[in-house]
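Undergrad: Okay, here's the structure, questions in a sec.
The values are calculated or read from the model by the stated rules, or taken from the named source; none is laboratory data. No experiment lies behind these values; they were computed from the predicted model shown. Every residue, glycine among them, receives a Cβ derived from its backbone with ideal geometry; neighbour counts consider all protein chains shown. With ligands, DNA and RNA removed, areas are computed over all heavy atoms of the protein, side chains included. Shrake-Rupley method; radii C 1.70, N 1.55, O 1.52, S 1.80 Å.
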Amino acid sequence: MKLWGRYNSPYVRRVAVTMQLYGLEYQHESVIPFDEGKKDVAKVNPIARVPVLELPDGETLVDSAAIIDHLDELAGPERALTPATGPERRKVLKYVAVELGIMDKLVAVLYERQFRPKEKWHRPWIDACEGQIRDGFKWIDNEINGNWLLHDRLTQADVSLAVFWDFATRSRPNFFAKFYCNDIVSITEKLRHTDAFIQTEPTEDALSAKMPDAQGKDVAE
Ligand SMILES: N[C@@H](CCC(=O)N[C@@H](CS)C(=O)NCC(=O)O)C(=O)O
């Protein structure tokens, strides 16, 4: 199998961590879905987005949720990080949906600040997204009442959460320093030192390195 996309993308990284946790081998095509890299990604995804998973027979899967659904099938119901049925499955799917929603909002703000000239940034839109990001993370943090979101069982909800929190705090360190989501920090710390996370460590990200708060300035600037 071949995984397309850099680990700097939180969507790619959650797929990669899942593959590592399942012990699935893959080649890594570390492409950027912008500028020059866009045309390469377009060969495997009509809308030129990552992640893409290319299967051994050449079939391509797009979108991290659809890819992870296939990986769960490969891992089998006993090992899958998303429970196969019942209330536990519904709970994990809900947590992951909220986490993906937070990421979509965070990425929307990053794109607004990266791709639009500063005088065209629309502050009410940024404020609305940041409110949803804050509310989402706070809600998840309040849901944690044990080692993991489902108490003693590690699930996809924890894996994605740790990948997303790590991405969030790297790309907007000043903004997230004021969040005080201690239980999310604790889950992230437990996973950050595992092989799956170490093997998928992002490289220096040109996109987030250009963000004002990654340079030590206030997010409102
Ligand atoms: N819902 C998608 C989101 C994927 C996504 O937004 N990927 C970004 C990289 S972080 C991308 O390819 N952006 C380029 C673009 O949207 O044109 C998923 O879960 O895979």
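Undergrad: How about segment 40-67: which of its residues are open to solvent by 20 Å² or more (accessible area, probe 1.4 Å), near the ligand (Cβ under 8 Å from one of its atoms) and assigned to a loop (DSSP other than H, G, I, E, B)?
TA: Result: Ile47, Arg49, Val50, Asp63.
Undergrad: Arg134 - would you say it is over 17 Å from Pro10 (Cα atoms), assigned to a helix (DSSP H, G or I) and open to solvent by less than 80 Å² (accessible area, probe 1.4 Å)?
TA: Taking the combined requirement at face value, the residue does not satisfy it.
Undergrad: Moving on to the next point. Look at Ala16 and say whether it is among the small types (Gly, Ala, Ser), part of a helix (DSSP H, G or I) and within 16 Å of Pro202 (Cα to Cα).
TA: For Ala16, the condition - among the small types (Gly, Ala, Ser), part of a helix (DSSP H, G or I) and within 16 Å of Pro202 (Cα to Cα) - is met.
Undergrad: Which one is nearest to the ligand (Cβ to nearest atom) among residues in segment 1-13 that are closer than 15 Å to Leu61 by Cβ and assigned to a loop (DSSP other than H, G, I, E, B)?
TA: Here the answer is Gly5.
Undergrad: If Phe34 satisfies every condition in (1) touching a helix residue (DSSP H, G or I) at 6+ places or on another chain (Cβ under 9 Å); (2) within 11 Å of the ligand (Cβ to nearest atom); (3) closer than 29 Å to Val92 by Cα but one, which is the exception?
TA: Only one criterion in (1) touching a helix residue (DSSP H, G or I) at 6+ places or on another chain (Cβ under 9 Å); (2) within 11 Å of the ligand (Cβ to nearest atom); (3) closer than 29 Å to Val92 by Cα is unmet by Phe34, namely (3).
Undergrad: Then there is this: In segment 1-18, what residues are open to solvent by less than 10 Å² (accessible area, probe 1.4 Å) and over 14 Å from the mean Cα position of the chain (by Cα)?
TA: Leu3
Undergrad: Have a look at Leu81, Leu74 and point out the one that is modelled with pLDDT of 95 or more, over 21 Å from Gly101 (Cβ atoms) and either polar (S, T, N, Q) or away from the ligand (no atom under 13 Å from the Cβ) (or both).
TA: Result of the check over Leu81, Leu74: Leu74.
Undergrad: Name, by its number, the condition in (1) within 11 Å of the ligand (Cβ to nearest atom); (2) touching an Asp or Glu at 6+ places or on another chain (Cβ under 9 Å) that does not hold for Thr18.
TA: Checking Thr18 against (1) within 11 Å of the ligand (Cβ to nearest atom); (2) touching an Asp or Glu at 6+ places or on another chain (Cβ under 9 Å), the one that fails is (1).
Undergrad: Collect the residues in segment 75-86 that are open to solvent by 90 Å² or more (accessible area, probe 1.4 Å) and farther than 13 Å from Arg153 by Cβ, keeping them in residue-number order. Spell out how you get there, then give the answer.
TA: Of segment 75-86, the ones open to solvent by 90 Å² or more (accessible area, probe 1.4 Å) are 77-79, 85.
Pro77, Thr85 - these are the residues of segment 75-86 that are open to solvent by 90 Å² or more (accessible area, probe 1.4 Å) and farther than 13 Å from Arg153 by Cβ.
Undergrad: What is the residue count in segment 47-62 for residues that are without any contact (Cβ under 8 Å) to a residue 40 or more places away in the chain and aliphatic (A, V, I, L, M)? Explain how you work it out, then say what you get.
TA: Restricting attention to segment 47-62, the residues satisfying the condition of being without any contact (Cβ under 8 Å) to a residue 40 or more places away in the chain are 47-49, 57-62.
Subsequent filtering for residues that are aliphatic (A, V, I, L, M) retains 47-48, 61-62.
The number of residues fulfilling the criteria is 4.
Undergrad: Is it the case that segment 93-108 has a residue that's small (Gly, Ala, Ser), away from the ligand (no atom under 13 Å from the Cβ) and within 14 Å of the chain's Cα centre (by Cα)? Before you say what the answer is, go through the steps one by one.
TA: Of segment 93-108, the ones small (Gly, Ala, Ser) are 97, 101, 108.
Narrowing further to those that are away from the ligand (no atom under 13 Å from the Cβ): none.
No - not one qualifying residue is present in segment 93-108.
Undergrad: Now for a separate question. Hey, could you check segment 141-160 for residues that are in a loop (DSSP other than H, G, I, E, B) and touching a Phe, Trp or Tyr at 6+ places or on another chain (Cβ under 9 Å) and say which is most open to solvent (accessible area, probe 1.4 Å)?
TA: Ranking the candidates gives Leu154 first.
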